[in-house]
Amino acid sequence: MTTIFSRFLKDESGATAIEYGLIAAIISVGIISVLGEVRTSLTDTFGEVKDGLAGN
């Protein structure tokens, strides 16, 4: 029984998948936050262009 438990403690086969999952989640959060800022900037820019074309 102790050999099974010690083998279980030494097993790291799932650690790589978890690490890749965490990296993907961090990158996704970064991309989403950057795209939010880009959206705001583009909205402001196109609003200024619209106002300029309308003659305001």
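Inside region 1-20, can you point out the residues that are surrounded by fewer than 10 Cβ atoms within 10 Å (Cβ to Cβ), of a type outside the set (A, V, I, L, M) and assigned to a helix (DSSP H, G or I)?
Once the filter is applied, which keeps residues that are surrounded by fewer than 10 Cβ atoms within 10 Å (Cβ to Cβ), of a type outside the set (A, V, I, L, M) and assigned to a helix (DSSP H, G or I), region 1-20 yields 2, 3, 5, 7, 8, 10, 16.
When you look at residue 28, is it surrounded by 10 or more Cβ atoms within 10 Å (Cβ to Cβ) and either touching a His at 6+ places or on another chain (Cβ under 8 Å) or free of Cβ contacts under 8 Å to residues at least 12 places away in the same chain (or both), yes or no?
When the stated conditions are applied, residue 28 passes them.
Can you tell me which condition residue 44 does not meet? The list is (1) of a type in the set (D, E, K, R); (2) assigned to a helix (DSSP H, G or I); (3) open to solvent by 100 Å² or more (accessible area, probe 1.4 Å), and all the others hold.
The number of the failed condition is (3).
The values are calculated or read from the model by the stated rules, or taken from the named source; none is laboratory data. Source: prediction; values computed, not measured. With ideal geometry, Cβ positions are generated from the backbone for all residues, glycine too; neighbour counts draw on all protein chains shown. What goes into the accessible areas is simple: the full protein's heavy atoms, side chains included, and nothing from ligands, DNA or RNA. Shrake-Rupley method; radii C 1.70, N 1.55, O 1.52, S 1.80 Å.
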